[in-house]
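Before any comments, here is the structure.
Only the coordinates and a few stated rules stand behind these numbers; no lab work does. Here the structure is a predicted model, which means the values were calculated and not measured. All Cβ positions, even for glycine, are placed from backbone atoms using ideal geometry, and neighbour counts span all protein chains on display.
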Amino acid sequence: MKHYRVCIVGGGLSGLTAAYYLLREGVRNVVIIESNSHAGGLLRSEKVGDYLFDIGGSHIMFSRNYRVLSEMLSLLTDDYVAHRRNTKIYYKGLFVKYPFENGLGQLPPIERYECLKELINTYIMRIKGELKEPENFYEWILYVFGKSIAEKYLIPYNEKLWKVDLREITLDWVRGRVPNPPLEDVIKAATGIEVEGYKHQLFFYYPVSGIESLAKSLISRIVRLGGELRYSSPAVTIRPCSRSDKIKNIELPEDELACSCVIYTAPLSDMRLLKYVVSSEIARGVSKLRSIPLSVVGVGLSRPIKPIHWMYFPDRNTVFHRVAVLSNYSPRTAPTGGSALIAEVSFPDVDSMLSANEDRLVRRVTEGLESAGLIKSIKDVETARVWRWRHAYVLYDRLRRSILPKVRAELISQGIFLHGRFGSWEYLNMDAVFMKSKELTKYVIKYLQEIQHK
Ligand SMILES: Cc1cc2nc3c(=O)[nH]c(=O)nc-3n(C[C@H](O)[C@H](O)[C@H](O)COP(=O)(O)OP(=O)(O)OC[C@H]3O[C@@H](n4cnc5c(N)ncnc54)[C@H](O)[C@@H]3O)c2cc1C
């Protein structure tokens, strides 16, 4: 049986960045085990005819942290394009500037008045201490934005995306993720003065040949640094080795590996892999963690489309909650005169996502595009394809909050580190993955030194 110092389960961005940083720090004998025939996880770009689609949903590169952003961009061997965001919310036939509260000036006067009045009343009551502190996402939206903005946009949009009662989402998800606007900016916006919100994402970057370029660049660096990638190798179980508590065995369909330390980035809720290394009580809890599955529908059009980057659709009649126009990120994703877009459709559970008929889904997407005036007719559609993802958004509920620290503690003591969007069950963007991978490298190196001296 081959022995590695570090086995990384999953070759998505988290597994790739963890391997890259470890190798750069001089750790040798690192392997990534990837269940698919490709690495990259959600960062995949696929060509369909003359169109190129990011099949894991719309991915743009941005960060509050300038150093991380520079590092991500410097990794791209491919060229990239810089953009100033042009993002809209499709609301009652209007393309309203994003975030919604910064686009109030575009609403009819009566709606503008309702939003502003409720926002200011809520603000006054909040600072006077007359409002009950929010305990969940639903209450938080009303507490910060007031009833009108909440009911027109934030509640319907988030219910459509999350497919759960927003009272089930805990506040630890909200902070830093949903824009919390200064009152003055909203007043300016409502009276017609241009303001920008969610500023750390106002400028963003995109690789000219699709987001997979980032994963490809990491893979080539890992290989150059002596790391190993095993494709089509799903980890089946992780077990403690009977001869030494410093070694874990990873069973693959046709092989078994031994390793001193495991970085686990596969979905945590898939308890088949971890059932021999966690207690049955924790395993039961973890297997009930919830995530939202997603279908990504790629549509290639024979015509150009409005110069919008991406759009949100809060209305219940449209099947998708978001559409991204990839050809407005990079013209290389569509033939001259055409455009490439992806529509994202979330589902309440994996069964309904898997059983959704492909032709019907494509038809509903094209109907949605037509009714928003983004295409003139079905004849504009040259190609369409559906991709399905079991896990896209991890749900921050009470179970997650109580079980995560316990499972982490049980596994760390055995040299198994939970990592990544689904391994650590955290809502991580790519920049956070880079930061967390760098941080993890220190812990892993320390752990390897400690077991060597025991
Ligand atoms: C719709 C959507 C849009 C997003 N947009 C943005 C954006 O605009 N900007 C941004 O910064 N971030 C964005 N993100 C976040 C970004 O996608 C993630 O931060 C990042 O891709 C997470 O990578 P990961 O490796 O943790 O997970 P994954 O990409 O899921 O990788 C996990 C890997 O593990 C493999 N695996 C699973 N089970 C096993 C097993 N048993 N054995 C071996 N391998 C296994 C999988 O095949 C996969 O390759 C978005 C995410 C989604 C869902």
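Summary table
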| item | result |
| --- | --- |
| Estimated inter-spin distance, Ser355 and Leu171, nm [label 7 Å along Cα→Cβ] | 3.9 |
| Nonlocal amide H pairs with Leu229, under 5 Å, H built at 1.01 Å | Ile32 |
| Taking N as its residue count, the alpha carbon Rg of the range 101-197 over 2.2 N^0.38 Å | 1.06 |
| Approximate spin-label separation Glu139-Ser242, in nm, with each point projected 7 Å along Cα-to-Cβ | 5.3 |
| Estimated FRET transfer efficiency when R0 is 41 angstrom, pair Glu254-Arg84 (beta carbons, to 0.05) | 0.20 |
| Spin-label zone in the range 127-155 - amide nitrogen under 13 Å from a point set 7 Å from the Cα of Lys117 along the C-beta vector | 147-149 |
| Hull-based mean projected area of the range 341-454, where the convex hull spans the alpha carbons, in square nanometres | 10.6 |
| Over 22 Å between alpha carbons, listed pairs Lys2/Lys246; Lys2/Lys442; Lys163/Lys288; Lys88/Lys376; Lys97/Lys306 | Lys2/Lys442 |
| Cysteines, the chain, no other Cys beta-carbon under 4.7 Å | Cys115, Cys241, Cys261 |
| Relative contact order of the chain, defined on C-alpha pairs under 8 angstrom at six or more residues apart (%) | 24 |
| Dipole axis of the chain (+1 Lys, Arg; -1 Asp, Glu on Cβ), positive-most option in Val444, Ser220, Gly56 | Val444 |
| Surface/4 estimate of mean projected area, convex hull on alpha-carbon atoms of the chain, nm² | 22.9 |
| Under 16 Å from Lys436, Cα to Cα: lysines that are on another chain or at least 8 residues apart | Lys446 |
| GluC sites (Glu not before Pro) restricted to DSSP loop in the range 1-50 with at most 12 other C-beta within 10 Å | Glu25 |
| Using θ = phi - 60° and Karplus 6.51 cos²θ - 1.76 cosθ + 1.60, couplings along the range 383-389 (whole Hz; Gly, Pro as x) | 8, 8, 8, 10, 10, 10, 10 |
| For the chain, size of Cβ-based charge dipole, Lys and Arg +1, Asp and Glu -1, in debye | 680 |
